[in-house]
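Worksheet for the structure shown next.
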């Protein structure tokens, strides 16, 4: 990976890696979430996760935006961040210091290695936001991967994944199919224009091993500051009939589609 760049606009700092914006951190206000999909992560956590501190595992760290938000909004939450790019983590710590008293622990390992080392039932929330060269690695979209996430997920827990895709949702629907097979219940949360297939963009996959409360999730989106919607599994299947999981066992895997050139699209 290349060297991280830190683009500053007042108190907002955007972390750019390999030509793509990875995170946006407001150094004065951890509740400011500039990227749209990060707002959707927070919306899902507030709507569906239990009250109080949460045990959270992040696969992918970058600027640690969501970890900072959780540290502020769910004080006392122990968080593990799996981020293999140690140089990036060092630069982020130097340029964007974490607050005193935080319980955020960054481990310099990739997602597969880091999750394999976690105990069963050790996370209330698992957040997947890992990209390499602007794409989700192929191994982080398979049914086997989601089965491993279910192992570490505590009863009542929540998996959230940032899934970028082109109009048509060919990739995203297959990721959702794998998560559904491994965990049981899935939905997508996203901007209306992305859900309707009008442009390339980010969808947040919500997956649980218990019945998913779509009613509460939809109520939360109704008061969101962005035009946000929810797409349940039945709607996903109508969009992509016969969507099947990616699988390591069969060798049928793929990374997410590459993003358009910067300027045409930003994850924010």
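The values are calculated or read from the model by the stated rules, or taken from the named source; none is laboratory data. Please read these numbers as outputs of a predicted model, since none were measured by experiment. Cβ: placed from backbone, ideal geometry, glycine included. Neighbour counts: every protein chain shown.
Details
- Set side by side, the residues 242, 232, 157 differ, and just one is over 22 Å from residue 21 (Cβ atoms) and at pLDDT below 95, which is 242.
- If the condition is being without any contact (Cβ under 8 Å) to a residue 60 or more places away in the chain and either touching a helix residue (DSSP H, G or I) at 6+ places or on another chain (Cβ under 6 Å) or not in a strand (DSSP E or B) (or both), then the stretch 1-22 contributes 2, 10, 11.
- Residue among 184, 156 that alone is without any contact (Cβ under 8 Å) to a residue 40 or more places away in the chain, surrounded by fewer than 22 Cβ atoms within 10 Å (Cβ to Cβ), out of contact with any helix residue (DSSP H, G or I) (no Cβ under 8 Å at 6 or more places or on another chain) and closer than 20 Å to residue 48 by Cβ: 184
- Per-region count, the stretch 114-158, residues more than 17 Å from the chain's Cα centre (by Cα) and farther than 16 Å from residue 246 by Cα: 11
- Single residue of 43, 70, 33, 66 found to be in a loop (DSSP other than H, G, I, E, B) and in contact with a helix residue (DSSP H, G or I) (Cβ under 8 Å, 6 or more places away or on another chain): 33
- Residue list for the stretch 111-133, restricted to those being at pLDDT 95 or above and out of contact with any helix residue (DSSP H, G or I) (no Cβ under 9 Å at 6 or more places or on another chain): 113, 114, 117, 124
- Every condition in (1) modelled with pLDDT of 95 or more; (2) surrounded by fewer than 20 Cβ atoms within 10 Å (Cβ to Cβ) holds for residue 75 except the one numbered (1).
- You will find that of 203, 226, the residue that is surrounded by fewer than 15 Cβ atoms within 10 Å (Cβ to Cβ) and touching a residue at least 40 places away in the same chain (Cβ under 8 Å) is 226 and no other.
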